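Notes follow once the structure below has been shown.
What follows draws every value from the coordinates through simple rules; no lab data is involved. Quantities reported herein were computed from a predicted structural model and do not represent experimental measurements. A quick note on method: Cβ atoms are made from the backbone with ideal geometry, for glycine too, and the neighbour counts reach across all protein chains shown.
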Amino acid sequence: MSDTHVPARARGLPGELLERIAAADVVVHAGDWTDTATLDLFEERAARLVAVHGNNDGPELRARLPGTARAELDGLRLGVVHETGPARGREERCAALHPGLDVLVFGHSHIPWDTTAEGGMRLLNPGSPTDRRRQPYCTYMTARIEAGSLVGVELHRLPPRH
């Protein structure tokens, strides 16, 4: 996921998302937490957290999180960043800036994205689970890794908040 923006955009995280965090082998967050309490919650609940800070994250979060993260997960080379720039040319730009990755997860726009760059790197933006902006739904993604390959990528829509 990315762009949780708690408590600025939501008082808390959706229950469905909290359940997924606890059940996942690895949780990926592509920045814009906006408060350390949310990071603390993820660190308590997630078996493993791969995360970065975003442009809305202050000095405390920047001290605890890198701007770019990499992890090898069952042979899959994963990268995480917050911003990738404009949509036009994103695949080529990311392939040049992040060589050697199989998957790059990013955020910032709150717009879900799933494409593959020339050379095979998959680019994923899960949207935001708390701030849909111009999108019809708040969202997050799940995926599985099998034999070093990303399979079963699914974009999940969250019910509207009342």
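Residues that are touching a residue at least 40 places away in the same chain (Cβ under 8 Å) and out of contact with any Lys or Arg (no Cβ under 6 Å at 6 or more places or on another chain) were ranked within segment 84-124; the one that is farthest from His53 (Cα to Cα) is Asp114. Applying the criterion of being free of Cβ contacts under 8 Å to residues at least 60 places away in the same chain and farther than 23 Å from Leu78 by Cβ to the residues of segment 132-141, the residue that is surrounded by the most Cβ atoms within 10 Å (Cβ to Cβ) is Arg132. Residues in segment 147-162 that are more than 17 Å from Ala23 (Cα to Cα), assigned to a strand (DSSP E or B) and free of Cβ contacts under 8 Å to residues at least 12 places away in the same chain: Val151 only.
Here is a yes/no grid of residues against (1) exposed (fewer than 12 other Cβ atoms within 10 Å of the Cβ); (2) not in a helix (DSSP H, G or I):
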site: Arg62; (1), (2): no, no
site: Pro66; (1), (2): no, yes
site: Arg77; (1), (2): no, yes
site: Pro86; (1), (2): yes, yes
site: Glu91; (1), (2): no, no
site: Thr130; (1), (2): no, yes
site: Ala143; (1), (2): no, yes
